[in-house]
Structures are given as C-alpha cells and as structure tokens.
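Engineer: Got a structure for you, written out below as structure tokens; questions coming shortly.
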Amino acid sequence: MSLQIGLLLFPKVQQLDLTGPHEVFAAIPDARVHLVARDRQPVAASSGLVLTPDVDFAGCPPLDILCVPGGAGVNALLEDAAVLDFLRRQAAGARYVTSVCTGALVLGAAGLLRGRRATTHWNAQDLLPHYGAIPVAERVVRDGNLMTGGGVTAGIDFALTLAAELAGREVAEAIQLGLEYAPAPPFESGRPETAPPAVLERVRARTGAMRAERQRLAEAHAASAGQEAH
C-alpha cells in the first residue's frame, strides 16, 4: 500500500517551500505525492510559476503525511474556514503533520500547534506563540508527530529528515546524493544573525506590509482563542 503524501497548494505559495520537499518525497519508494488544493484549477506561486493540483479537498484520500508550505499567500489562509477545516480533518488521521516556512502559521490557525515545539521562517518566529506554539529557532523541529521546517530552503532538510523516518537513513542519504544536496552558499547572508545590517533592513522593508498583516491576524487569533478559553 502506497504512502499518501499531500502538499497544500494555494495562490502565492513560495514554490521552493513546496517543490523542494516534493522532489524528496517523490523519491521515497512506494510514495504517492499529491498537490492538494481547494479545486483543481492551476495555481500561480508567488514567483509566477504555475502549478496544477491533482486532487481537491473533497477528493483527497486520507493522508499519511500532511504538509503545508508557506509563502505570501499564507495570510489569506489564516482565516479561511475551508482550508483550516480540511487541515484539521486530515491531521486527525495523519501519521505526520508537517509544515515548511510560514506554513506553520496555517497549522497554528487550525489549532494544531497548541503546546507543541515548532519552527518557521525567521521573520515569523515571534508569531508562533500567538498560536500556542513554543518557538524553536532551528532548521527542523520535531515534537511527536509534528515536524516543522524553517524558512524556505530548510524544507529540503525537513524532507530528508522525514524521508529517513519513513524509509530509513540509507534511502534518505541516497536521495540527498542524487540531488547533490551539499549547500555551500556564496554569501553568509542566509540568517539574520549573519546578514549585513543593510541586507536585513532591505528584506524587512520589502516584506513589511505583509508582515504587519500577518501579525494582525496572529494577534486576532490569540485574542479569539483567549475568549474561547473563558
């Protein structure tokens, strides 16, 4: 029986959040990888790359692995009842519930991070507590059947880690070798702690409006959750 893996596809997804893990998952023996969306219409990623889902929410089989990538389109999902209900239903029976980058916030909005250790993109780490999560600034964080990856490229690290859990280390290492995944970046700007201040400020300025809206939504979720608790 094949392993059913589903990656959530939505408008303005960060394509590498999705395609990096997809490349790894597709190499796992007996794995069936689905691109799952609200409907089966083509979807444009934030970069403009157009991706076509192979299954919609209604037709999605029970998933062994549920994975939510991040991206600019995350904000629209944080109060989307259809998306959040789908994630809750699938998570209830999934072997692993996972995310890459700001996809963790969507899991949080679905109520799937409460009391759990999790990671996300560095520019959203401080939003995790609004969803009841315990933020951990690492590339890959596992808490029980919850596995989260950090920002964008960490999705490959996450997927290889999960591949080792599912199929064994040797299989995961063979996938890594086949991809020649041995990062040696030309600059030391991959983390806010090592990036030059001007570079960090440039990124913060470029994403400022999106980040402000994301914070508003996170705070609204926390306020609503607090009211429900009382």
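Engineer: Note down all Cβ pairs under 7 Å where the first residue falls in region 158-181 and is farther than 20 Å from Ala104 by Cα and at pLDDT 95 or above, the second is outside any loop (DSSP other than H, G, I, E, B) and of a type in the set (D, E, K, R), and they're at least six residues apart or on different chains.
Structural biologist: Hits for this filter: Leu179/Glu23.
Engineer: Looking at (1) touching a His at 6+ places or on another chain (Cβ under 6 Å); (2) surrounded by fewer than 21 Cβ atoms within 10 Å (Cβ to Cβ), can you tell me which one Val50 breaks?
Structural biologist: All conditions pass for Val50, except number (1).
Engineer: Tell me which residues, restricted to region 1-40, are in contact with a Lys or Arg (Cβ under 6 Å, 6 or more places away or on another chain) and in contact (Cβ under 8 Å) with a residue 60 or more places away in the chain.
Structural biologist: Step one: list which residues in region 1-40 are in contact with a Lys or Arg (Cβ under 6 Å, 6 or more places away or on another chain), which gives 2, 4.
Of everything in region 1-40, just one residue is in contact with a Lys or Arg (Cβ under 6 Å, 6 or more places away or on another chain) and in contact (Cβ under 8 Å) with a residue 60 or more places away in the chain, namely Gln4.
Engineer: Where in region 1-109 are there helices (runs of 4 or more DSSP H), lying fully within it, with 1 or more residues that are among the basic types (Lys, Arg) and closer than 21 Å to Arg139 by Cβ?
Structural biologist: On the way: elements: 15-25, 74-77, 81-93, 103-109.
Here the list is empty.
Engineer: Moving on. Run down Asp64, Asp126, Asp85, Asp143 and say which single residue is under 22 Å from Ala31 (Cα atoms) and of a type in the set (D, E, K, R). First the steps, then the outcome.
Structural biologist: Working: Asp126 fails: under 22 Å from Ala31 (Cα atoms); Asp85 fails: under 22 Å from Ala31 (Cα atoms); Asp143 fails: under 22 Å from Ala31 (Cα atoms).
Sole residue among the options that is under 22 Å from Ala31 (Cα atoms) and of a type in the set (D, E, K, R): Asp64.
Engineer: Additional query: Can you list residue pairs whose Cβ atoms sit under 8 Å apart, with the first residue in region 48-62 being of a type in the set (S, T, N, Q) and the second being surrounded by 15 or more Cβ atoms within 10 Å (Cβ to Cβ) and not in a loop (DSSP other than H, G, I, E, B)? Count only pairs 6 or more apart in sequence or on different chains.
Structural biologist: Between residues of region 48-62 that are of a type in the set (S, T, N, Q) and residues that are surrounded by 15 or more Cβ atoms within 10 Å (Cβ to Cβ) and not in a loop (DSSP other than H, G, I, E, B), the close pairs are Thr52/Leu35; Thr52/Val43.
Engineer: Just one of the numbered conditions (1) closer than 23 Å to His22 by Cβ; (2) over 12 Å from the mean Cα position of the chain (by Cα); (3) touching a residue at least 24 places away in the same chain (Cβ under 8 Å); (4) not in a loop (DSSP other than H, G, I, E, B) is not true of His130; which one?
Structural biologist: In the conditions (1) closer than 23 Å to His22 by Cβ; (2) over 12 Å from the mean Cα position of the chain (by Cα); (3) touching a residue at least 24 places away in the same chain (Cβ under 8 Å); (4) not in a loop (DSSP other than H, G, I, E, B), His130 misses (1) alone.
The values are calculated or read from the model by the stated rules, or taken from the named source; none is laboratory data. Source: prediction; values computed, not measured. Using ideal geometry, Cβ is built from the backbone for each residue, glycine included, and neighbour counts are taken over all protein chains shown.
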